[in-house]
Amino acid sequence: MRPSPPLHFNCRSTVRPVYAEEAAAFGIKESAEVSFSNAPAKGFGQYPINTPSKSIQEKNLESPRKFLGENSQWDKVTDNLKKRYEKTQNTPVATDLVNELKKYPFFKSVPKELKADFENDLLKVEPEQLSFLVKHAKTMKANLNHRGSGAYYWAYDNTIYLDLSRKDPRSVASGYKTDLNAFLHESGHWLDYNSLGGTKIQDELPKLKELIQKDALNYVNQILGDRGRIESFETLNKRRKADREYIDITEKEIAKKSATRNCVSDLINGASYGKIQDGYFHDDDYWISDALETEAIAHFFAGKGSGGERLREIKEAFPNAFRYFDDFIGGLK
Ligand SMILES: [Zn+2]
């Protein structure tokens, strides 16, 4: 059995009790079983729970010394460590970023009674995506009090329309009080068209469509496993019996996944030319010209914003397409 943290050599993690509120918030369940071996491999330090508390520190100090030598810097604040620490200190905190966003014109359209909730939801957005919005959304136009219709970005007037008060299951599943998921998605569309000041992000990513198609085909074939194999979405034919079966299996599997999975089901729908549809999808006639890249960018921005489960699911289904997009965004100044 492989030793798990904090049993790794030179590991800086530790063990501490979990409070009941934390356990509830993170969905941690009490278990009689300890998931890792209580006998660390030779040379890998102590199993912290079995170590008498009095001597934990001494023993933990003693063992790395023994293996790394007296001159080891494992417990010293090195220059490199200091630099890394300073870097984290320079990262703008979410509250500063949200306070900045509040000055932007789009924020005026947030209905009064939702302002506090929307602000709180924004504080949960990953700082990297908040920073990106702060940098690029100064001129963003939006009506976030657009009652009674679905969320959309309208390219003709370059404006986002959505109803923040909507109790959308995708936002609810992410623990948001307002329809923040819709905001993250639609602001993703806006950023695609506006953040480069002239060209669209998708125009700078010529391989995006191909990578989404390849990732989608791999993902569907992973779901099928030894039950079958789809050679290409172009030749997939709903009226052929074997293909119909593959489509059914895939749709059922995707539907089983969590409500945050809308990105994945929508993009599989697009990549398969509308042939595989479950959970969230667009109408068949939507997937023409560059719609797949357009939707991928909005979903990827939303994934970067919500982080957690949604981002994990995107990376699992579209590892290459997401990395291609993310590297490009990360390289922007
Ligand atoms: Zn969209």
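The values are calculated or read from the model by the stated rules, or taken from the named source; none is laboratory data. Worth saying up front: this structure is predicted, and the values here are computed from it rather than measured. Every residue, glycine as well, gets a Cβ built from its backbone with ideal geometry; the counts of neighbours run over all protein chains shown.
Applying the selection to the stretch 324-333, what residues are loosely packed, with under 14 Cβ neighbours inside 10 Å and part of a helix (DSSP H, G or I)?
327, 328, 330, 331
Report whether or not residue 150 is surrounded by fewer than 23 Cβ atoms within 10 Å (Cβ to Cβ) and farther than 25 Å from residue 272 by Cβ.
no
Can you give me the number of residues within the stretch 285-310 that are touching a residue at least 40 places away in the same chain (Cβ under 8 Å) and part of a helix (DSSP H, G or I)?
Final tally of qualifying residues: 17.
Since residue 167 meets every condition but one in (1) charged (D, E, K, R); (2) assigned to a helix (DSSP H, G or I); (3) over 22 Å from residue 197 (Cα atoms), which condition does it not meet?
Only one criterion is unmet by residue 167, namely (2).
Out of the helices (runs of 4 or more DSSP H) lying entirely within the stretch 51-125, which hold 2 or more residues that are under 32 Å from the mean Cα position of the chain (by Cα) and modelled with pLDDT of 70 or more?
Answer list for the stretch 51-125: 79-90, 94-101, 115-123.
Return the residues of the stretch 172-207 that are surrounded by 23 or more Cβ atoms within 10 Å (Cβ to Cβ) and either hydrophobic (A, V, I, L, M, F, W, C) or without any contact (Cβ under 8 Å) to a residue 40 or more places away in the chain (or both); say none if nothing qualifies.
Within the stretch 172-207, 179, 180, 182, 183, 184, 190, 191, 201 qualify.
Residue pairs, Cβ under 7 Å, 6 or more apart or interchain, first in the stretch 228-239 and assigned by TED's automatic domain parsing to the domain that holds residue 250, second of a type in the set (D, E, K, R) and part of a loop (DSSP other than H, G, I, E, B). List them.
Short answer, once both residue conditions are applied: 233/275; 236/275; 238/275.
Determine, yes or no, whether residue 179 is within 15 Å of the ligand (Cβ to nearest atom) and either touching a helix residue (DSSP H, G or I) at 6+ places or on another chain (Cβ under 7 Å) or in the same structural domain as residue 123 (by TED's automatic domain parsing) (or both).
Criteria met by residue 179.
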